[in-house]
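The values are calculated or read from the model by the stated rules, or taken from the named source; none is laboratory data. Note that the coordinates shown come from a computational prediction; the quantities given were computed from them, not determined experimentally. Here the Cβ positions follow ideal geometry from the backbone for every residue, glycine too, while neighbour counts run over all protein chains shown. Heavy atoms of the whole protein, side chains included, go into the accessibility calculation; ligands, DNA and RNA do not. Shrake-Rupley method; radii C 1.70, N 1.55, O 1.52, S 1.80 Å.
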Amino acid sequence: TYHADQLTALAQAAAESPRLRAHMNVHEVLEAPVQRLFVATEPDTYMRPHRHSAANKWEFFMILEGQLDLMLFEADGRLRERVPMSPNQTRAIEVPPGTWHAYACQQSGTLALEIKEGPYVPTPETDFAPWAPAEGADGAAAYRDWMRTAEEGSQFPSE
C-alpha cells in the first residue's frame with residue numbers, strides 16, 4: 001500500500017536531490033521480473049535521451065500528477081514525436097524496445113509510475129544517445145532547455 005504522504009515525501013526528495021528526481025521502487029529486488037517504481041521529477045532535471053535495446057525492454061509510463069513531455073527521437077537525434085502528458089492530457093504511454101526517448105519535466109511536483117520488464121540492468125553507454133550530452137557534462141543544461149520547447153522535426157543545433 002502506498003499512501004499520499006509517501007508520494008508527497010518522494011516529490012520533496014526529488015526537489016532536494018542534486019539530480020532533481022527521485023524514485024521509489026515497488027518491486028522488492030532488482031532481479032524482479034517486473035520493475036515497478038514511482039518517479040518524481042522537477043523541471044530542471046535532465047534525462048539524457050536513451051533507448052533500451054534488448055527486445056524485451058519496453059517501458060510503460062503513466063503520469064499521476066504534474067506535467068511532462070515524453071519525447072521520441074529518430075536515430076540521428078531529430079525529435080520525431082512530443083507527447084504532452086498530464087492527468088488531463090495523455091495519461092499513459094508504452095515506449096517500445098529500441099526507441100530513443102527522454103522527457104522534459106514541465107511542472108514542479110510531477111509524479112509518474114513506470115513499469116518495465118526486469119531484471120534491472122544499468123543502461124550501457126551504447127544505449128545513451130551519442131548526439132546528446134551526458135548528465136552533468138558541458139552542454140547538458142542547454143540540451144535540457146532545448147528539450148523543454150523543441151518542436152517535432154527539429155534537432156538540437158550543433159556547433
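Quick check on my filter: what residues within region 62-87 are of a type in the set (A, V, I, L, M, F, W, C) and closer than 16 Å to Gln106 by Cα? Break it down stepwise before answering.
Going residue by residue through region 62-87, those that are of a type in the set (A, V, I, L, M, F, W, C) are 62-64, 68, 70-73, 75, 79, 83, 85.
Across region 62-87, the qualifying residues are Met62, Ile63, Leu64, Leu68, Leu70, Met71, Val83, Met85.
Among the residues of region 129-145, what is the count of those that are surrounded by 17 or more Cβ atoms within 10 Å (Cβ to Cβ) and not in a loop (DSSP other than H, G, I, E, B)?
Total meeting the criteria: 2.
Which residue pairs have Cβ atoms closer than 6 Å, lie 6 or more positions apart in sequence or on different chains, and pair a first residue in region 108-124 that is more than 24 Å from Asn88 (Cα to Cα) with a second residue that is surrounded by fewer than 17 Cβ atoms within 10 Å (Cβ to Cβ) and polar (S, T, N, Q)?
From residues that are more than 24 Å from Asn88 (Cα to Cα), the pairs are Glu117/Asn56.
Restricting to region 1-11, and then to whatever is touching a residue at least 12 places away in the same chain (Cβ under 8 Å) and under 18 Å from Thr45 (Cβ atoms), can you tell me which residue is surrounded by the fewest Cβ atoms within 10 Å (Cβ to Cβ)? Give the steps one after another, and end with the answer.
If we filter region 1-11 for residues that are touching a residue at least 12 places away in the same chain (Cβ under 8 Å), which is where we start, we get 2, 6-7, 10-11.
Keeping just the survivors that are under 18 Å from Thr45 (Cβ atoms) gives 7, 10-11.
Working: Leu7: 18, Leu10: 20, Ala11: 20.
That would be Leu7.
Checking Ala55 against (1) closer than 25 Å to Glu81 by Cβ; (2) of a type in the set (Gly, Ala, Ser); (3) open to solvent by less than 40 Å² (accessible area, probe 1.4 Å): exactly one of these is not met. Which one?
Ala55 satisfies all of (1) closer than 25 Å to Glu81 by Cβ; (2) of a type in the set (Gly, Ala, Ser); (3) open to solvent by less than 40 Å² (accessible area, probe 1.4 Å) except (3).
Yes/no matrix, rows are residues, columns are (1) among the acidic types (Asp, Glu); (2) closer than 24 Å to Thr99 by Cβ; (3) at pLDDT 95 or above; (4) within 14 Å of the chain's Cα centre (by Cα):
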site: Thr1; (1), (2), (3), (4): no, no, no, no
site: Gln35; (1), (2), (3), (4): no, yes, yes, no
site: Ala40; (1), (2), (3), (4): no, yes, yes, yes
site: Thr45; (1), (2), (3), (4): no, yes, yes, yes
site: Arg48; (1), (2), (3), (4): no, yes, yes, yes
site: Glu59; (1), (2), (3), (4): yes, yes, yes, yes
site: Asp69; (1), (2), (3), (4): yes, yes, yes, yes
site: Glu74; (1), (2), (3), (4): yes, yes, yes, no
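Take Leu70 and tell me if it is touching a Phe, Trp or Tyr at 6+ places or on another chain (Cβ under 6 Å), closer than 25 Å to Met24 by Cβ and free of Cβ contacts under 8 Å to residues at least 60 places away in the same chain. Show your work before the answer.
On the way: touching a Phe, Trp or Tyr at 6+ places or on another chain (Cβ under 6 Å): yes; closer than 25 Å to Met24 by Cβ: yes; free of Cβ contacts under 8 Å to residues at least 60 places away in the same chain: yes.
For Leu70, the condition - touching a Phe, Trp or Tyr at 6+ places or on another chain (Cβ under 6 Å), closer than 25 Å to Met24 by Cβ and free of Cβ contacts under 8 Å to residues at least 60 places away in the same chain - is met.
Could you tell me how many of the residues in region 24-43 are in contact (Cβ under 8 Å) with a residue 24 or more places away in the chain, surrounded by 14 or more Cβ atoms within 10 Å (Cβ to Cβ) and either aliphatic (A, V, I, L, M) or in contact with a Leu (Cβ under 9 Å, 6 or more places away or on another chain) (or both)?
The total comes to 11.
Report, by residue number, each residue of region 106-123 that is surrounded by fewer than 18 Cβ atoms within 10 Å (Cβ to Cβ) and in a loop (DSSP other than H, G, I, E, B).
Passing the criteria: Gln106, Gln107, Ser108, Gly118, Pro119, Tyr120, Val121, Pro122, Thr123.
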